[in-house]
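Comments concern the structure below.
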Amino acid sequence: MTHHTDQDRVWDLIDDIKFTMLVTHDGEGDELRARPMHAHGKREEDAIYFLTDRRHHKDDEINVNDNVCLAFADNSGMRYVSVTGTATVLDDRAKVEQIWDPSNKAFWDSKDDPNIRVLRVRPSAAEFWAGAGKIVTTVKMAAAALTGTKPDLGTNRKVAL
């Protein structure tokens with residue numbers, strides 16, 4: 001994985017981790033709700049896509065407040081990224097076809113199910129944390145505790161997208 005810019009690093013982390021907790025506001029816009037989702041990052045479109053079901057409440061929540069947060073975590077690699085953006089629910093059959101994969105059969109019988117919707121998130125900002133991996137990080141933390149120093153736990157950046 002080659003990183004040219006911090007923006008590249010964010011998109012690479014999204015592509016590598018793939019699964020995120022999508023955080024939306026409830027129907028009243030006050031409470032936060034999170035659920036796991038499979039992300040399809042498309043940097044060239046400046047968008048992250050998900051398949052969702054129109055019978056669930058994400059559509060209603062996004063209609064009330066389209067601000068969302070995506071929290072990606074790779075605990076074993078000590079890599080994390082949080083993405084802030086705005087969401088839109090689309091009835092886009094071509095995009096469903098494009099991002100459909102066999103694992104989606106756990107939720108729908110086929111990509112032709114009329115209840116499938118595409119959730120598009122347009123990211124505006126991100127923050128990432130990238131460590132050296134769990135073992136190295138654990139050793140650094142233990143050494144810091146013994147010596148009373150602060151460990152270097154990797155890279156942390158805020159990024160405009």
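To keep it simple, each residue is scored yes or no on (1) modelled with pLDDT of 95 or more; (2) acidic (Asp, Glu).
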residue: 32; (1), (2): no, no
residue: 41; (1), (2): yes, no
residue: 46; (1), (2): yes, yes
residue: 60; (1), (2): no, yes
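Just need a number here: residues in the stretch 41-56 that are in contact with a strand residue (DSSP E or B) (Cβ under 8 Å, 6 or more places away or on another chain) and not in a strand (DSSP E or B). Steps first, answer last, please.
Of the residues in the stretch 41-56, the ones in contact with a strand residue (DSSP E or B) (Cβ under 8 Å, 6 or more places away or on another chain) are 41-42, 46-54.
Keeping just the survivors that are not in a strand (DSSP E or B) gives 46, 54.
So the count comes out to 2.
Taking the stretch 92-122 as the search range and keeping residues that are outside any loop (DSSP other than H, G, I, E, B) and among the basic types (Lys, Arg), which one is surrounded by the fewest Cβ atoms within 10 Å (Cβ to Cβ)? Explain how you work it out, then say what you get.
Step one: filter the stretch 92-122 for residues outside any loop (DSSP other than H, G, I, E, B), giving 93-99, 102-106, 116-122.
Among the residues that remain, those that are also among the basic types (Lys, Arg) are: 93, 95, 105, 117, 120, 122.
On the way: 93: 13, 95: 20, 105: 11, 117: 21, 120: 21, 122: 15.
For the stretch 92-122, the residue satisfying everything is 105.
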Does residue 89 fit the bill of being modelled with pLDDT of 95 or more, β-branched (Val, Ile, Thr), part of a helix (DSSP H, G or I) and in contact with a strand residue (DSSP E or B) (Cβ under 8 Å, 6 or more places away or on another chain)? no
When the residues of the stretch 92-104 are filtered to those that are at pLDDT 95 or above and of a type in the set (Asp, Glu), which remaining residue is farthest from residue 38 (Cα to Cα)? 92
Might you let me know whether the stretch 58-67 holds any residue that is touching a residue at least 40 places away in the same chain (Cβ under 8 Å), under 18 Å from residue 158 (Cβ atoms) and outside any loop (DSSP other than H, G, I, E, B)? yes
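Looking at residue 105, is it over 19 Å from residue 159 (Cβ atoms), in contact with a helix residue (DSSP H, G or I) (Cβ under 8 Å, 6 or more places away or on another chain) and without any contact (Cβ under 8 Å) to a residue 24 or more places away in the chain?
Working: over 19 Å from residue 159 (Cβ atoms): yes; in contact with a helix residue (DSSP H, G or I) (Cβ under 8 Å, 6 or more places away or on another chain): no; without any contact (Cβ under 8 Å) to a residue 24 or more places away in the chain: yes.
No: the conditions fail for residue 105.
The values are calculated or read from the model by the stated rules, or taken from the named source; none is laboratory data. Everything numeric in this text was worked out from a predicted model, so none of it was measured. Please note: Cβ atoms are built from the backbone with ideal geometry, for glycine as well, and neighbour counts cover all protein chains shown.
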